[in-house]
Amino acid sequence: MPHNTPSPSLPVRLMRHLRSTRTTARRAFPSTTLKAIQASIGEGEQRHRAQVRVIVEAALSLGAVRRGESARQRAHELFSHYRIWDTEENCGVLVYINLADRKVEIVADRGINRHVTREQWQEVCRLMTAGYARGDYESSTLQALAALHALLQTAMPRQDDDRDHNELSDKPLLL
């Protein structure tokens, strides 16, 4: 779910996407931060049956920006491309971070969406974007993942007879 901020004009948005590079993303999410995110996902998934994937993207292609593609549309595209929907219990969750647009989107499969409200997803997004506005990427991401795991534990708690069944990689993707 999006953190709602006014959309910038096309020229402003184009400049943001031109300036946001993989180097920008690596500065915001260095390897130590990515490892901490991976550990958080792995630990969190021990408490629920959902499958969480984090994707960080520096910027959209200029063509996508010119076409007016939103971060939400891109998140849905990545949800499909990386087959996050393809889990046994329809329990995949994508946390998509678009640095150029300053947006966080959560896309969840139908097995989870029936248990979590739009407002609850938005609160997780707000935790991240508030920290990102301060330049605090690691701790705000980890706090938001903790809140996400708490929601998922309520929505799809792990059962006593559940074995460790990790269907999606816990490793965050940096695009």
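Helix 137-155 and the longest principal axis of the Cα set of the chain meet at an angle near 40°. Among beta bridges identified by DSSP and lying wholly in segment 49-140, the antiparallel ones come to about 45 percent.
Taking a point 7 Å out from the Cα of residue 19 in the direction of its Cβ, the residues of segment 63-83 whose backbone N falls within less than 18 Å of it are 65-66.
If you bin all the Cα-Cα distances of segment 132-175 at 10 Å, starting from zero, the percentages per bin are 21, 41, 29, 9, 1. Shown is the FRET efficiency for residue 160 and residue 38, computed with R0 = 22 Å from the Cβ-Cβ distance and rounded to the nearest 0.05: 0.25. The fraction of Cα-Cα pairs per 10 angstrom bin, counted from 0 for segment 37-108, comes to 19, 48, 25, 7, 0 percent, rounded to whole percents. Within the shell of other residues whose beta carbon sits under 14 angstrom from the beta carbon of residue 76, the net charge comes to +1, with Lys and Arg scored +1 and Asp and Glu -1. Stokes-Einstein diffusion for segment 1-87, with the hydrodynamic radius set to the Kirkwood value over Cα pairs and evaluated at 10 °C in a medium of 1.306 mPa s, equals 105 µm²/s. You can think of it this way: the chain between residue 115 and residue 150 has 11.3 nm of extra reach, that is 0.36 nm per residue less the Cα-Cα gap. Charge tally for residue 144 (other residues, Cβ to Cβ under 12 Å; Lys, Arg +1; Asp, Glu -1): -2. Given their separation in residues at 0.36 nm each and the Cα-Cα distance between them, residue 27 and residue 175 gain 52.0 nm when the chain is fully extended. With all protein chains kept in place, the per residue accessible area of segment 64-175 amounts to 51 square angstrom at a probe of 1.4 angstrom. Taking amide H as placed 1.01 Å from N in the peptide plane, the amide H of residue 87 sits under 5 Å from that of 92, each at least 5 places away or on another chain. Estimated from helices alone, the mean residue ellipticity of the chain at 222 nm is -15000 deg cm²/dmol (sum of -39500 (n - 2.57) over DSSP H runs with n ≥ 4, per residue). Can you tally the net charge around residue 52? Count Lys and Arg as +1, Asp and Glu as -1, for every other residue whose Cβ sits under 12 Å from the Cβ of residue 52. For residues surrounding residue 52, the net value is -1. For the pair residue 12 and residue 133 in one chain, pulling the backbone fully straight at 0.36 nm per residue adds 41.8 nm over the alpha carbon distance.
Rg then Dmax, both in Å and based on the Cα atoms of the chain: 15.7, 54.
The values are calculated or read from the model by the stated rules, or taken from the named source; none is laboratory data. Keep in mind the model is a prediction, meaning the values are calculated, not measured. Every residue, glycine as well, gets a Cβ built from its backbone with ideal geometry; the counts of neighbours run over all protein chains shown. In case anyone asks, the SASA skips ligands and DNA or RNA and just uses the protein heavy atoms, side chains included. Shrake-Rupley method; radii C 1.70, N 1.55, O 1.52, S 1.80 Å.
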